[in-house]
There are 2 protein chains.
Amino acid sequence: MTYCVGLRLNHGLVFMSDTRTNAGVDNFSSTRKLFTWETEGERLITLMTAGNLATTQSLISLLDERSKTAADRDPSILREPTMFQVARLVGATLKEVISYSNASVTGTEEKFRATVIVGGQIKGGEPTMFMVYPEGNFVEVTTETPFFQIGETKYGKPILVRGYDADMTFEDSVKLLMVSFDSTVKSNLSVGLPFDILCYESDSFTVKHRKRVEVDDKLYLKISEGWSIALKEAFASLPNYKI
Amino acid sequence: MTYCVGLRLNHGLVFMSDTRTNAGVDNFSSTRKLFTWETEGERLITLMTAGNLATTQSLISLLDERSKTAADRDPSILREPTMFQVARLVGATLKEVISYSNASVTGTEEKFRATVIVGGQIKGGEPTMFMVYPEGNFVEVTTETPFFQIGETKYGKPILVRGYDADMTFEDSVKLLMVSFDSTVKSNLSVGLPFDILCYESDSFTVKHRKRVEVDDKLYLKISEGWSIALKEAFASLPNYKI
């Protein structure tokens, strides 16, 4: 499993992913699931993946044009004119990778699937974000649905639904995501630290903030512990049920 | 879907279930999922169900011996000597009902499944609780796993994990469950009010408290609204992330 969230704020985009990958509980390791492509001053694209690791690694390699020697690479993701076209490229590539794996065996339709969140901004357009499905199609964030989650989405959703505010600062949005990730980590072994965080400010066309939150990150530990205490206090402040 | 939770406290048991049943989003209604059998002063057994409605209704009817005329009924669930035997009876009956439905068609193994939480106390034994699987086997609550959830369990789990305390009062435990149910209702359309609540105090062999929480229940609405505000305050109290 995996947990990734992409938020659209009024002044930018925020991405956060875990890094745990596993094939059974006795075979797990850490792998990056958050990737960026940048042409400074012109575009910044961030992509997060959930699903079969062979599929997602192939996807990233193809988008990066790693099929060519380093000198010949000119990733098409850096040439698409709009974020919509980027989402189409990601969708088509994802679908192609899954079809390739499925072609060799039958009954594996579920096994090789993956889902992607891709967001960013290209000069001339607004910052936006898409959720791309294994079938190659995709949906865009809207005012009513201002964030996307992929992977193990349920444990961390209630706090997002209640805490999200389109005007919140990057600092607060990362704090909110940390709480959402913490709830998920506490409930599902297949989601784990370190986490990757990326903040993008509208019209900057470059990374505003990038951080890897390690297992011993002091602030994360404080937020995790603090949340338990704060929740207890919040709970105590509610009106009492009478029997 | 469904959401039911059973908690074991040091001084008793608490059960709460929603009542929504649906076959697609355009076909839903309300049905009881919490049932009790009582012999005053000797035993109180409570059972909650999640899964296929035909399966769970058959299960309850068989446990109630509704196959016999009212005058001839002597439900075996009221004759089993221990809660362990009650769980075995429930498991065997559940398995039998599912097998019956599956026998007529193939490829329906998933469709007719149901899961049950059954708990209570029989004189001579301690109060306890079991989760019964569609295969007929079951697990019992332990100190480490003091509660069971069935149905749409994920959204409401983080607050239970953090808020549960074996020494909490019945009042606080119902309040905790209301918060857990509220998080679930807000995230999944297939879980809905009214809710059924039942509290059992150890060695009382009768119902301590039973309530149906209707859609317009004032306290529930206050808790639901209050929780949004309290969560925001809890969130604000956490240490700040710095960029």
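The values are calculated or read from the model by the stated rules, or taken from the named source; none is laboratory data. Predicted model only: the values in this text are computed from it and were never measured. Note that we place each Cβ from the backbone using ideal geometry, even for glycine, and neighbour counts take in every protein chain shown. The protein model used for the area step is the full one, side chains on, heavy atoms only, and it has no ligands, DNA or RNA in it. Shrake-Rupley method; radii C 1.70, N 1.55, O 1.52, S 1.80 Å.
The figures follow:
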| item | result |
| --- | --- |
| Any chance A:TYR241 is more than 16 Å from the chain's Cα centre (by Cα), surrounded by 22 or more Cβ atoms within 10 Å (Cβ to Cβ) and aromatic (Phe, Trp, Tyr) | yes |
| Test: residue in segment A:145-162 that is part of a helix (DSSP H, G or I), within 14 Å of chain B (Cβ to nearest Cβ), closer than 30 Å to A:GLU40 by Cβ and of a type in the set (Phe, Trp, Tyr) | no |
| Condition met for A:GLY41 (over 15 Å from the mean Cα position of the chain (by Cα), within 22 Å of A:LEU198 (Cα to Cα) and in a loop (DSSP other than H, G, I, E, B)) | yes |
| Count of residues meeting criterion [buried (at least 19 other Cβ atoms within 10 Å of the Cβ) and closer than 25 Å to B:GLU42 by Cα] in segment B:122-144 | 9 |
| Where a residue in segment B:208-231 is more than 9 Å from every other protein chain (Cβ to nearest Cβ) and its partner, wherever it lies, is open to solvent by 20 Å² or more (accessible area, probe 1.4 Å), with Cβ under 6 Å and at least six apart | B:VAL215/B:LEU193 |
| Hits in segment A:19-38 (condition: in contact (Cβ under 8 Å) with a residue 40 or more places away in the chain, assigned to a strand (DSSP E or B) and open to solvent by 50 Å² or more (accessible area, probe 1.4 Å)) | A:ARG20, A:ASN22, A:PHE28, A:SER30, A:GLU38 |
| Subset of segment B:208-225 [open to solvent by 20 Å² or more (accessible area, probe 1.4 Å), modelled with pLDDT of 95 or more and in a helix (DSSP H, G or I)] | B:LYS218, B:LEU219, B:LEU221, B:LYS222 |
| In segment B:187-207, the residues that are surrounded by fewer than 17 Cβ atoms within 10 Å (Cβ to Cβ) and either at the interface with chain A (Cβ under 10 Å from one of its Cβ atoms) or hydroxyl-bearing (Ser, Thr, Tyr) (or both) | B:SER202, B:SER204, B:THR206 |
| Segment B:163-175 - residue that is in a helix (DSSP H, G or I) and without any contact (Cβ under 8 Å) to a residue 60 or more places away in the chain and, of those, farthest from the other protein chains (Cβ to nearest Cβ) | B:ASP172 |
| Qualifying residue in segment B:85-100 (condition: open to solvent by less than 80 Å² (accessible area, probe 1.4 Å) and part of a loop (DSSP other than H, G, I, E, B)) | no |
